[in-house]
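First up is the structure itself, then whatever we jot down about it.
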Amino acid sequence: MDAVKLLLPEIIVSLCGLIILTERIFTKADLQRKDAAWFGVGGLLLAGIFAAKLFGVNQTAFYGSYRVDDLAVFFKLVAIVAAGMTLLFAPDFLVRKGVKSGDFASVVLFAAAGMMLLPSALDFITLYIALELISVSFYVLLALQRGEVRPAEAGLKYLLLSGLASAVLLYGMSLIYGLTGSTYLTAIRQAFSAGEWPVLSGVGCLLILAGLGFKIYVVPFHMWAPDVYEGGPSPAVAFLATGSSAASLAAVLRLFGETFAGLSGVWLPLLVILALITVAIGNILALPQTNIKRLLAYSSIAHAGYILLAVVARSGLGTAAVMYYSLLYAVSTVTAFAVISAFADFTAGGETSAFAGLNRRAPFLTFVMVIALASLAGVPPLAGFMAKFAVFAAAVQAGYVVIAAVALLLSVISIYYYFQVIKVMYVDEPAETTPITYGWGTQAALILGLAGVILLGLFPGPLLRLAQVAAGFTRF
Amino acid sequence: MSFPVVSATVFAPLVGAALIFCLSPARKELIRWIAAVTTGISLVLAAYLVLAYDLSAGGVQFAEKINWLPSFGIKYFVGVDGISAVMLLLTAIVGFTGVFASWGIQDRVKEYYITFLALTFACAGVFASFDIFLLFVFFELAVLPKYILISVWGSTKKEYAAMKLALYLTLGGAITLLGILCLYFVAGINSLDLLELARHEFTRNQQLLLFAIFALGFSVQVPIVPLHSWLPDAHTGAPTAGSMILAGVVMKLGAYGIIRIACWLFPQGALFWAPVIAVLAIVCVVYAAFVAMGQKDLKYMIANSSISHMGYSVLGIAALTVASLAGALFQFFAHGIMAALNFAIAGMTYDRTHTRVIAAMGGLAKVMPVLGIAFAIGCLASVGLPGTASFWAEFSVFVGSFPIFPTLSILAISGIVFTAYYMLRALQRVYFEPLRHKEFAKLKDAVWHDWVVITVIVFFIVAMGVYPSLLMNLITSGLDPIMAGFKGATPVAGLTTWLAALGGVR
């Protein structure tokens, strides 16, 4: 199969992004219209079909710097799902906020292209370019609400801290390159498995961990998340929370599952401790939050901790659990953000108290939110529970029984803050009773999300099987 | 393919909930009747399962098995054995009567019945499951409806009570999930099918550890003192039908899990930990009885009484004899319907008097004779009066436990005296003293839907008191495979011996 066919999904997504961008330049079309987003959704759907066709293909291109295997394809699909659902509900939000939805759609597609490239990256340069494509897109997406202070602040914060993380990552990569003489992951892996390496290799490895840790909110690189979540526009944050972290997890799996396997003595104990601290900090700091987006930010941090438990398991089941969790978490989180986005005009800055009596104002919206939150809390048989089950199973199988036990007990805390939101929506009296309205794009995203959370929970077999098969391709 | 009776029994309430979900909230009467019909179907099917169960064949009957999560060997495996059939009947009785006990609810009727039916469905699912993962899914599924039921339609400190319940039960669930994962990998047969796991030989140390994890996880829901503090608040905070199903069914889920999973799969573990469980059981019986005696609130008193009564069941489990285990399971049923009746009457009384303070009522039997008689039956059943189902349950527990834990059994019997004191005193103060407040003179006695609740439950209390062998035979047949693991062995009696055994393990 030639390289173009391997890259077809990314090409389609990028082309769609370019078409939306250029169409706007040449035709000076109405910048508020929603067509761009629908066009983007269509492009993603097409890319998804071509990506799905790549399952079973196990091929390298561009002199070994790019690989399409089931692991990569799975994460490409996660990116497509996250971008597609975001584009469904984003226009309603953006039009209300006076933001050009064409701009938003095109940048989402560019970010999605980055997220699809990243899992396939087999050398540092490709990996870095894909990562930066994602980051640069998010600088724009987060600050797209011009004239408003909070989104601009969120964008700036992300720009500065993400820039710092990129610098750390690059420094780590340059150290590894200096020691191994190659940017290719395959060559680096062979070099590390050959014999003993100087302390600097461990330092390089840890710097890369720090750089990627920023993207997946691992404590102590998580500080930016709550502020950026709170300030950023809901659709952008939804996409950031799901697509970006999933793609970065793919890179973590490639690097730490395989490339740096020979250095596991350096990073594994640290990652185990970081996983536990991340679960603890995320859950504990979510407790006092009064803003729903900050709450979800801290809960995302806790979820990152759970996923790391599967990463440290370093097994086929662990890899499958990471993939499975990424997709199910993406569906649950985007669904929750779709509700927040639909509710944006009716709340004061996303304060949880503003969700009071939401049930009386929008019963379906509330029901969807309850299901999404219950899934994130791990209530069976919803998607989130199955994902947690897979992660903890991987940890226990790898012998981390005590670590899994502590993480499980810490996860009980999450019931408090998730259920508290459910309580506010169902029990508290609403300050006003005007019904909440939202467009059919949002409605479609809500229905898709709801169906996803319930059906992927009720029928987890095929997806988990797919993830397990794909996990078999971690060796390269 | 034959008609899936067990699935129909379990899913009937969920179908009701789905139908109600599609209705306009304004159609309150239709919503109530859909709830009544679907839980009624569940009741009829559960009764059919009890009557159609072939005692001579034994084992799991009416089984339905579908692969669910093949990567982990997890199946949708439901069916009934003697124990499940009885527990399904209990759930169906409480579910059906709970619908009628909720008839007077006017606030958010549609959501109320959806939540209540979802809870009934989850509880029934636990009892019908023969795959541990499926059982756990139903077990955890019950938490969210309980939380919503209490926090929306509850009363005293409802939000606090609901959150406390959710946190405690999730904590228990987390421990249980850890146990399931350990069990899955320790057994290494890529299955969580109870029947397959029961055939697997676990080493002694594996059994000791796994039993401890499962027993700890499930004991939160029993609840065993000191993990009990969520229960009185939850019972008191819950609406009437919520309290009924909490005391009648939810409390049984944990103890059922201990018997169904921990005792069955890890007999060595059960034998080893039995003395500790027996001591905790007596603490439950005596401590909760003392707390109940000091209560001024009628619902708090019944709630603590429930903890005390569950102590008998736990003692029966600890003794691990056929009689004691059969007694414990019969007590699930007997206490389930009796507590449901007591909470129903407490709720009906509260609806009329708007107080639950025992001292504030008095002489209500003069104006509400039907409710007074029903409460009297509930109180006498609590005391374990012959002729009521509870008598056989307690009798069987004591007969089975005495040879194993004589001192503890005698202490447990003292619980009956305490129960008689606080239950009969409450009966006297609430219903049989002179009418204290003139405004109570105009109160209405039982209306038609109250009659349904009272008639159905009293029928079962008396019927099972007069003809206990119907359920007792079923239960005993269900215990056969569990008892096979013990092979005549008796628990390590006495704490000193137990501590010595603990030293041996180390």
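The values are calculated or read from the model by the stated rules, or taken from the named source; none is laboratory data. Just so it is clear, the model here is predicted, and its values are computed rather than measured. Backbone-built Cβ (ideal geometry, glycine too); neighbour counts: all protein chains shown. Just the protein is used for accessible areas: all its heavy atoms, side chains included, with ligands, DNA and RNA removed. Shrake-Rupley method; radii C 1.70, N 1.55, O 1.52, S 1.80 Å.
Can you list the aspartates and glutamates whose alpha carbon sits under 17 Å from that of A:Lys76, skipping same-chain ones fewer than 8 residues off?
Candidates past the 8-residue exclusion: A:Glu10, A:Glu132.
With loop defined by DSSP as not H, G, I, E or B, and exposure as at most 14 other Cβ atoms within 10 Å, which is the longest segment of chain A clear of exposed GluC sites (Glu not before Pro)?
Numbers: sites that count: A:Glu196, A:Glu432.
The segment A:197-431 is the longest one with no such site.
Order B:Ile416, A:Ile125, A:Ile176, most accessible first, counting only protein heavy atoms with a 1.4 angstrom probe. Let's see the in-between values first.
Details: B:Ile416 45, A:Ile125 95, A:Ile176 0 Å².
Putting B:Ile416, A:Ile125, A:Ile176 in descending order of accessible area: A:Ile125, B:Ile416, A:Ile176.
Would you calculate the separation in nanometres between label points at A:Arg146 and A:Ile284, each defined as 7 Å from the Cα along the Cα-to-beta-carbon direction?
In this crude spin-label approximation the distance works out to 4.4 nm.
Normalised by the number of residues in region B:249-307, what is the relative contact order in percent for Cα pairs under 8 Å and 6+ residues apart? It would help to have the intermediate numbers written out before the result.
Numbers: 22 pairs, mean separation 12.0, N = 59.
Relative contact order of region B:249-307: 20 percent.
Are there chymotrypsin sites (Phe, Trp or Tyr not before Pro) in region A:51-86 that DSSP marks as loop and that have at most 11 other Cβ atoms within 10 Å, and which are they?
Details: sites: A:Phe55, A:Phe62, A:Tyr63, A:Tyr66, A:Phe74, A:Phe75; in loops: A:Phe55, A:Phe62, A:Tyr63.
Answer in residue order: A:Tyr63.
With +1 on each Lys and Arg Cβ and -1 on each Asp and Glu Cβ, how big is the dipole of region B:121-195 about its Cα centre, in debye rounded to the nearest 20?
380 debye
Given an 8 Å cut-off on Cα distances and at least 6 residues of separation, report the relative contact order of chain A as a percent.
On the way: 854 pairs, mean separation 78.2, N = 476.
Result for chain A is 16 percent.
Of the chymotrypsin sites (Phe, Trp or Tyr not before Pro) in region B:1-86, which ones lie in a loop per DSSP and count no more than 15 other C-beta atoms within 10 Å? Could you put the intermediate results ahead of the total?
Working: sites: B:Phe11, B:Phe21, B:Trp33, B:Tyr48, B:Tyr53, B:Phe62, B:Trp68, B:Phe72, B:Tyr76, B:Phe77; in loops: B:Tyr53.
In loop regions of region B:1-86 (DSSP not H, G, I, E or B), there are no sparsely surrounded chymotrypsin sites (Phe, Trp or Tyr not before Pro).
Can you find, among B:Trp33, A:Gly48, B:Phe138, the residue sitting farthest towards the positive end of the charge dipole of the protein assembly as shown, where Lys and Arg contribute +1 and Asp and Glu -1 at Cβ?
B:Trp33
Could you give the distance between the Cα centres of region B:57-127 and region A:401-462, to the whole Å?
Taking the Cα centre of each part, region B:57-127 and region A:401-462 sit 24 Å apart.
Compute the label zone of B:Ile66 within region B:5-20: residues whose backbone N is under 14 Å from the point 7 Å along Cα-to-Cβ.
B:5-12
Which of the listed residues, B:Ala365, B:Ala412, B:Cys379, is farthest toward the dipole's positive end in region B:5-486, when Lys, Arg count +1 and Asp, Glu count -1 at the beta-carbon?
The one lying farthest along the dipole's positive direction is B:Ala365.
On C-alpha positions alone, give me the angle between the axis of helix A:401-426 and the longest principal axis of chain A, in degrees, nearest 10.
20 degrees
With every protein chain kept in the model, how would you rank A:Thr27, B:Thr240, B:Thr156, B:Thr349 by accessible area, 1.4 Å probe, largest at the top? Intermediate values should be presented prior to the final figure.
Details: A:Thr27 80, B:Thr240 25, B:Thr156 60, B:Thr349 0 Å².
Output order, biggest surface exposure first: A:Thr27, B:Thr156, B:Thr240, B:Thr349.
What accessible area per residue, rounded to a whole number of Å², is obtained for the protein assembly as shown using a probe radius of 1.4 Å? Write out the running numbers ahead of the final one.
On the way: 31430 Å² over 982 residues.
Roughly 32 Å² per residue, with all protein chains present.
Which angle between 0 and 90 degrees, to the nearest 10, do you get for helix A:101-117 versus the longest principal axis of chain A when only C-alpha atoms count?
It is inclined by approximately 20 degrees.
Would you mind checking the pairs B:Lys75/B:Lys487; A:Lys388/B:Lys28; A:Lys215/A:Lys388; B:Lys28/B:Lys75; A:Lys423/B:Lys75; A:Lys293/A:Lys388 and listing those with alpha carbons more than 27 angstrom apart? Kindly include the intermediate steps, with their values, before the conclusion.
Values: B:Lys75/B:Lys487 30 Å; A:Lys388/B:Lys28 39 Å; A:Lys215/A:Lys388 21 Å; B:Lys28/B:Lys75 38 Å; A:Lys423/B:Lys75 33 Å; A:Lys293/A:Lys388 22 Å.
From the list (B:Lys75/B:Lys487; A:Lys388/B:Lys28; A:Lys215/A:Lys388; B:Lys28/B:Lys75; A:Lys423/B:Lys75; A:Lys293/A:Lys388), the Cα-Cα distance tops 27 Å for B:Lys75/B:Lys487; A:Lys388/B:Lys28; B:Lys28/B:Lys75; A:Lys423/B:Lys75.
Trypsin sites (Lys or Arg not before Pro) within region A:231-326: which are DSSP loop residues with at most 12 other Cβ atoms inside 10 Å? Walk me through the intermediate numbers first.
Numbers: sites: A:Arg254, A:Lys293, A:Arg294, A:Arg314; in loops: A:Arg314.
Here no trypsin sites (Lys or Arg not before Pro) fit, given the DSSP loop and packing criteria.
Run the dipole for chain A about the Cα centre, Lys and Arg Cβ at +1, Asp and Glu Cβ at -1, nothing else charged, and hand back the magnitude in debye, nearest 20. Don't jump to the answer; show the numbers that get you there.
Details: 26 positive and 22 negative charges, 63 e Å.
Here the size comes out at about 300 debye.
If you average the C-alpha positions of region B:284-346 and of region A:228-253 separately, how far apart do those two centres end up, in angstrom?
The distance from the Cα centre of region B:284-346 to that of region A:228-253 comes to 51 Å.
Along the three principal axes, how long is chain B when you take its alpha carbons, biggest first, rounded to the nearest angstrom?
If we take the Cα atoms of chain B, the spans are 68, 53, 43 Å.
If you place +1 on the Cβ of every Lys and Arg, -1 on the Cβ of every Asp and Glu, and leave all else neutral, what size is the dipole of the protein assembly as shown about its Cα centre, to the nearest 20 Debye? Kindly include the intermediate steps, with their values, before the conclusion.
Working: 54 positive and 43 negative charges, 195 e Å.
It works out to roughly 940 debye.
Can you give the Rg to Rh ratio of chain A, both from alpha-carbon atoms, with Rh computed by the Kirkwood formula? Don't skip to the end; give the middle numbers.
Details: Rg = 21.0 Å, Rh = 22.0 Å.
That ratio equals 0.95.
At 222 nm, what helix-only mean residue ellipticity would the protein assembly as shown give, in deg cm²/dmol to the nearest 500, using -39500 (n - 2.57) for each DSSP H run of four or more?
Working: 42 runs with 708 residues, N = 982.
Taking each H run of at least 4 residues, the total per residue is -24000 deg cm²/dmol.
Tell me, Kirkwood radius of the protein assembly as shown from alpha-carbon pair distances, in Å?
29.6 Å
Using a probe of 1.4 angstrom, how much of the accessible area of chain B is carbon and sulfur, in percent?
The computed percentage sits at 70.
Peptide A:391-404: average number of partner chain Cβ atoms within 10 Å per residue?
On the way: counts 0, 5, 7, 1, 1, 9, 3, 1, 1, 0, 5, 1, 0, 4.
For this peptide, the per-residue mean of nearby foreign Cβ atoms is 3.
Roughly how much accessible area, to the nearest 100 Å², goes out of reach of solvent when A and B pair up, both sides summed, probe 1.4 Å?
Values: alone 16860 and 17710 Å², together 31430 Å².
By this definition, chains A and B bury close to 3100 Å².
For chain A, take the longest principal axis of its alpha carbons; what is the angle in degrees between that and the long axis of helix A:383-397, to the nearest 10 within 0 to 90?
Computed tilt is about 30 degrees.
In whole percent, how big is the carbon plus sulfur part of the accessible area of region A:3-473, probe 1.4 Å, protein atoms only?
Numbers: 10330 of 14900 Å².
Here it works out to 69 percent.
In whole angstrom, note down how far apart the Cα centers of region A:268-296 and region A:145-165 are.
22 Å
Could you name the lysines in cross-link range of B:Lys442, using Cα to Cα under 26 Å and dropping any fewer than eight places away on the same chain?
B:Lys442 reaches B:Lys296, B:Lys299, B:Lys366.
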